[in-house]
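Okay, structure first, notes after.
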Amino acid sequence: MKPKVVILLSAGLDSGTNLFAAHLANEIVLALTFDYGQLAAPKEIEKARKLAASLNIPHKVVDLSFIKTFGGSSLTDDQGRIPSGSDVDIESHEKSLVTAKSVWVPNRNGIFLNIAAGFAEALGAEAVIPGFNKEEATTFPDNSYGFMEALEASFKFSTANQVKVKSYTHQMDKLGIVQEALKLGVNFRDLWPCYKNRDKWCGECESCLRSKRAFEKAGVEHKDFYQSQPQ
């Protein structure tokens, strides 16, 4: 019998790849998508539903709109002041620290994973699976293995079945994740790594640029994924 797990599914490159990897080795009893007032929420939800349905996995959208009232993040700013274009330099760690601060949502992953652990406990699942990666862990500490370990330690106290935290990509950079996604048969057009709500990925935000660099290094044709003209 396969172990039961709950997966966090934003429909980005990382979570989409984790979805397909987890599906091979586990019974995914629930895929969770969080609507916390982010600009990309409509697209993330649309794509996440499609991904979950393609694998016959139960999917739930959790309304966390109160997180938007925290403020302090361009991801939930109605003015759409998300760093893009020349404001982003993914080759510069120093500049990436600045853009990471702009899109940081207070305690987002801490809230997400604690909620996921609650669902996991109630459903008899042994683990929750976020889409973390080592590339963004350098600027987002809540993507790191250390954060996973800390949460798992806390779940020993807060969940009766001591829910674990696993990720199939936490030791990979974006290139490695694209290569793994290719092996798993992930359709990149079914993903939404973009911070914005457009017809296609904007191609200018940091998340898009990191994905684009990985596609280029992996030899994946990607021009059709992005807006032809920045909006």
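Shown in residue order for the range 109-123 are the 3J(HN,Hα) couplings computed by the Karplus curve 6.51 cos²θ - 1.76 cosθ + 1.60 at θ = phi - 60°: 5, x, 5, 4, 6, 5, 5, 4, 5, x, 4, 4, 4, 5, 9 Hz (x for Gly and Pro).
Among the GluC sites (Glu not before Pro) in the range 72-143, those located in a DSSP loop and surrounded by at most 15 other Cβ atoms within 10 Å of their own Cβ are 91.
Near residue 59, the amide H atoms lying under 5 Å from its own belong to 31; only residues 5 or more places off or on other chains count, and H is placed 1.01 Å from N.
Restricting the range 1-108 to trypsin sites (Lys or Arg not before Pro) that sit in a DSSP loop and have at most 14 other Cβ atoms within 10 Å of their own Cβ leaves 81.
Sum up the charges of everything whose Cβ sits under 15 Å from the Cβ of residue 196, counting Lys and Arg as +1 and Asp and Glu as -1, but leave residue 196 out. Spelling it out: positives minus negatives among the neighbours equals -1. Close amide H partners of residue 127, meaning residues 5 or more places away or on another chain with modelled amide H under 5 Å apart, are 6, 164. Pair-distance distribution of the chain: all C-alpha pairs, bin width 10 Å, starting at 0; shares per bin in whole percent are 8, 34, 40, 16, 2, 0.
Using only the heavy atoms of the protein chains and a 1.4 Å probe, how would 111, 67 rank by accessible area, largest first?
111, 67
Checked against a 24 Å cut-off, the cross-linked pairs 134/166; 2/156; 4/166; 47/164; 43/174 give Cα-Cα distances beyond that limit for 47/164. The relative contact order of the chain, computed from alpha carbon pairs under 8 Å that lie at least 6 residues apart in sequence, is 25 percent. Proximity of backbone amide H atoms, modeled 1.01 Å from N, is registered between residue 169 and 132 at under 5 Å, excluding neighbours fewer than 5 places apart on the same chain. Looking only at the chain, where both bridge partners belong to it, what percent of the DSSP beta bridges are antiparallel (to the nearest 5)? The antiparallel proportion sits near 5 percent.
Report summary: the helix-based calculation at 222 nm, which adds -39500 (n - 2.57) for every DSSP H run with n ≥ 4 and divides by the residues of the chain, gives -13000 deg cm²/dmol.
If you plug the beta carbon distance of residue 54 and residue 79 into 1/(1 + (r/R0)^6) with R0 = 35 Å, you get a FRET efficiency near 0.50. Across the range 31-38, computed HN-Hα scalar couplings (Karplus, 6.51 cos²θ - 1.76 cosθ + 1.60, θ = phi - 60°) run 10, 10, 10, 9, 9, 10, x, 5 Hz from first to last residue, x flagging Gly and Pro.
The values are calculated or read from the model by the stated rules, or taken from the named source; none is laboratory data. Here the structure is a predicted model, which means the values were calculated and not measured. Reconstructed Cβ throughout: ideal geometry from the backbone, glycine too, with neighbour counts over all protein chains shown. To get the accessible areas, we keep the full protein, side chains included, count just its heavy atoms, and leave off ligands, DNA and RNA. Shrake-Rupley method; radii C 1.70, N 1.55, O 1.52, S 1.80 Å.
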